[in-house]
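Here's the structure we're looking at; comments come further down.
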Amino acid sequence: MPFCSPVGKGLGLFVEPIVVMARSRKARMQVAVARGAASGRPPTVEPLECRELLSTSWFVAPNGADTNKGTIASPFKTIQRAANVALAGDRVEIRAGVYHETVSPKHSGTTSAPIIFEGYNGEKVTVSGADPVTSWTRYSGNIYSASMPFDMGAGNNEVFVDGKAINEARFPNNGFDPSHPAVEIVPKVTVSGSSATIYDSRLSQPANYWNGAIIHIAPGQAWVAQSGTVTASGPGWIRYSFSPIDSYSIPKAGNAYYLTGKFQALDAPGEWYHDPSGKLYVMTPASDNPAYHDVEAKHRLYAFNLGGIANITIQNLNIFAATIWSDPSSTGTHINHITASYISQMGVMSNGWSAPLNTGIVVRGAHSIVENSNIGFSAGDGIMVSGAGSIIRNNVVHDTDTFAGDMAAIRLIGSGITVTHNTVYNAGRSGIKASVAGSTITYNVVHDVGLQTTEPGGIYTVQTNGGGATIAYNQIYNIHTAGYGGTGIFLDNYSSGFKVNHNQVWNVDYAMKMNFTCNNNVVTNNTLNAITYALFTNLQGNWNGTTISNNIFLKPAFFTAGARVTNNYYTSSNTGSAGAGDFAAGASSGSIPVTPPPPVPTPTPPPVPTPTVSAKTLVRAVNYTGKLGMQGDNFTGMGYAYDGNWLKYHLDFGTGVTTFKATVAGLYAGGRIELHIGSPTGKLVGTLAVSPTGAWNNYRQETASVAGLTGVQDLYLVFRGSTPGVANINTLTFA
């Protein structure tokens, strides 16, 4: 009897050695024919047996060589070498180690016999898009330099110290939490065409200091961010050029911005600058020699490039500083149980609405799956999927869209996609964006999104006929922004044909919104709680064919004409089966890889005391110390005030005051501003009635009596009114 050996992983199959060595498909068939002839009968093999006999396991290990045979005893050195020879049904078993390469398979698998790339036997495998930077010399002080001849392009470079990203040199200096960056607020700006001049006393550097820098700004309504180039600068000002987006995105006072791209900004621990000459300058978080650390820089976009290749499985491994790319021909892609960190980086985009299609885990082939994975730290999308029939399930997706463009933790750009049992948090704009038809979005947990923009949605769609798309059994919470606020479920601007049911939404500015004409939506059995409105609309267009029933609204609800509204409750107590009920949502933690380590810690600066201002001076409304749901209007005041929004001021009332004066403007009757001490629900000390002034910029002074105001206090101006927009406020003072 000939000697037999096992082939494959856990197959329990034994074949003659000649089958193991027959690598090519032609050679395999020749072996099968030879075996049949030796036995004196035709080479007949059952289909399942044929598939297993023809499969091969290829092994890769850091101590291997690409001239080896690819066996466990004689492994290849690179994953790419195995990818060159792997055929349908084969497995590429990757031993523990870090592989600095982009893997591009040369052959497709089949539906029943995919090519599988996996970490072998649970060993820790990382495919990295970063390469080491070494040979450091001191440049000046705690700044060191080394050669870095590769360059990903302006805004696209990324540098890591001991596996954590540090900051490109910038103003203002930043911490290490990409989802909550430090920003500067525009005090004053003038705009002429495609040029804007920002006046900011903190820009105290000499003339031309910031020339050539890149500005990152969320302009106008701050719905999305964009970048521009500084063309001139001087003490207290910079001028920059930008690409105008629309009338709602003209830079104005109150917008957030920061500057990069200048060596002079390298002035804090944990910063880097890459010179066009090929030098990398670094100040480590510990302000020590980078030679004491593992310093790497991003060098490749993709860990796996599956373009033009179908039926590939990638599982049980880590991806660092790179992502997975596929195209519409990459059908049957299966990504399972991976941990992907720092997957996409970009810092230059002239129009935040023009989101690129190559960020995040890119799944564009039909019938693909991404599951059981932890995906985080991306300037763009977390997962971008367009393939019909694809499934995104049981993933944790976090810290995405840190550029703050029209991207999302999970972005759907194709129809017929299922997104289920995922947990999403920390996104610059949307949690799940689904402006497509026929998709199913169920049992997800979405929270803490819209961190760098205004008016986002936990689940967001715009100008879309959903064609029966379902948004159901999701839990959405913790979404608060300036401007028009953050919304749990947002069917924006002419979105129709959606089934929205059994969702739970709470601690958001608006639980659900439908703007303009939104026809044939079915909104049933949701529990909607919010800071302002449970259901809201801009009161334009109609809701013909839309049904709203069996919901629990724990805040007021607005409805547009044409909707059929029945059997809804405005309290948590109800006699029927209204509301979402109890259900489990989100990813199962037992199936998700360990979350990437926390960002590099930075020393906590001493607390900065809140400045105390005399209440008897003229206080500009924009100089608040806290706020909820409001933003600067277009006329130097604060506006976009809805019921329950507030502004906070830290004031010294001395021995006491009796009169409150404010310059206010508004269009609607019935509004008022309540004055509370200590908190938005603290002691009420006065109420200012707001009368219509005819225009949002037609300010006039109103007066109210107050009592009980002495000493240093936190004053909350709480805006109250039933109309969408209570009042704008420009100044306030006390006497």
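The values are calculated or read from the model by the stated rules, or taken from the named source; none is laboratory data. Keep in mind that this is a model prediction, so the values were computed, not measured. Note that each Cβ is placed from the backbone with ideal geometry, even for glycine, and that neighbours are counted across all protein chains shown.
Restricting the range 490-528 to residues that are charged (D, E, K, R) and at pLDDT 95 or above, which is surrounded by the most Cβ atoms within 10 Å (Cβ to Cβ)?
Checking each candidate, the answer is Lys513.
Which of the residues spanning the range 496-520 are among the hydrophobic types (A, V, I, L, M, F, W, C), closer than 14 Å to Asn465 by Cβ and either assigned to a strand (DSSP E or B) or under 20 Å from the mean Cα position of the chain (by Cα) (or both)?
Listed by number, the residues that qualify are Phe498, Met514.
Among the residues of the range 108-127, is there at least one that is touching a strand residue (DSSP E or B) at 6+ places or on another chain (Cβ under 9 Å), surrounded by fewer than 20 Cβ atoms within 10 Å (Cβ to Cβ) and among the aliphatic types (A, V, I, L, M)?
no
Output yes when any residue across the range 710-721 is over 40 Å from the mean Cα position of the chain (by Cα) and small (Gly, Ala, Ser), and no when none is.
The answer is yes, given that some residue of the range 710-721 is over 40 Å from the mean Cα position of the chain (by Cα) and small (Gly, Ala, Ser).
Considering only the range 384-396, state which residues are assigned to a strand (DSSP E or B) and more than 19 Å from Ala585 (Cβ to Cβ).
Within the range 384-396, Met384, Val385 meet the criteria.
Can you say whether Ser204 is under 27 Å from Gly637 (Cβ atoms) and either of a type in the set (A, V, I, L, M, F, W, C) or surrounded by fewer than 20 Cβ atoms within 10 Å (Cβ to Cβ) (or both), as far as the supplied structure shows?
no
Read through the list (1) of a type outside the set (A, V, I, L, M); (2) under 10 Å from the mean Cα position of the chain (by Cα); (3) part of a strand (DSSP E or B), then give the number of the only condition that Lys433 fails.
Every condition holds for Lys433 apart from (2).
Scan the range 402-417 residue by residue and report those that are more than 8 Å from the chain's Cα centre (by Cα) and among the small types (Gly, Ala, Ser).
Those that are more than 8 Å from the chain's Cα centre (by Cα) and among the small types (Gly, Ala, Ser): Gly405, Gly414, Ser415, Gly416.
If only one of Asp131, Asp162, Asp177 is over 25 Å from Tyr209 (Cα atoms) and within 20 Å of the chain's Cα centre (by Cα), which one is it?
The match here is Asp177.
Regarding the range 118-128, can at least one residue be identified that is touching a Pro at 6+ places or on another chain (Cβ under 7 Å) and closer than 28 Å to Ala310 by Cβ?
No, the conditions are met nowhere in the range 118-128.
Can you name every residue in the range 345-377 that is surrounded by 24 or more Cβ atoms within 10 Å (Cβ to Cβ), in contact (Cβ under 8 Å) with a residue 40 or more places away in the chain and in a strand (DSSP E or B)?
Phe377 - this is the single residue of the range 345-377 that is surrounded by 24 or more Cβ atoms within 10 Å (Cβ to Cβ), in contact (Cβ under 8 Å) with a residue 40 or more places away in the chain and in a strand (DSSP E or B).
Quick check on this structure: which one of Asp399, Asp381 is among the acidic types (Asp, Glu), within 19 Å of the chain's Cα centre (by Cα), at pLDDT 95 or above and not in a loop (DSSP other than H, G, I, E, B)?
Residue meeting the stated conditions: Asp399.
Restricting to the range 529-544, name every residue that is touching a residue at least 40 places away in the same chain (Cβ under 8 Å) and either in a loop (DSSP other than H, G, I, E, B) or surrounded by fewer than 19 Cβ atoms within 10 Å (Cβ to Cβ) (or both).
If the condition is that a residue be touching a residue at least 40 places away in the same chain (Cβ under 8 Å) and either in a loop (DSSP other than H, G, I, E, B) or surrounded by fewer than 19 Cβ atoms within 10 Å (Cβ to Cβ) (or both), then Ala530, Ile531, Thr532, Asn538, Leu539, Gly541 are the ones that fit.
Return the pairs, sorted by first residue and then second, in which the second residue is surrounded by 21 or more Cβ atoms within 10 Å (Cβ to Cβ), the first residue lies in the range 56-80 and is acidic (Asp, Glu), the beta carbons are less than 8 Å apart, and the residues are 6+ apart or on different chains.
Asp66/Phe76; Asp66/Arg81
Condition first: within 22 Å of the chain's Cα centre (by Cα), within 19 Å of Ala388 (Cβ to Cβ) and part of a loop (DSSP other than H, G, I, E, B). Now tell me which residues in the range 289-326 satisfy that.
Scanning the range 289-326 gives a single hit, Ser326.
Name the residue, out of Asn318, Asn374, that is within 20 Å of Thr423 (Cβ to Cβ), out of contact with any Gly (no Cβ under 7 Å at 6 or more places or on another chain) and not assigned by TED's automatic domain parsing to the domain that holds Gly405.
Sole residue among the options that is within 20 Å of Thr423 (Cβ to Cβ), out of contact with any Gly (no Cβ under 7 Å at 6 or more places or on another chain) and not assigned by TED's automatic domain parsing to the domain that holds Gly405: Asn318.
Being basic (Lys, Arg), touching a Gly at 6+ places or on another chain (Cβ under 8 Å) and modelled with pLDDT of 95 or more: is that true of Arg411 here?
In short, yes.
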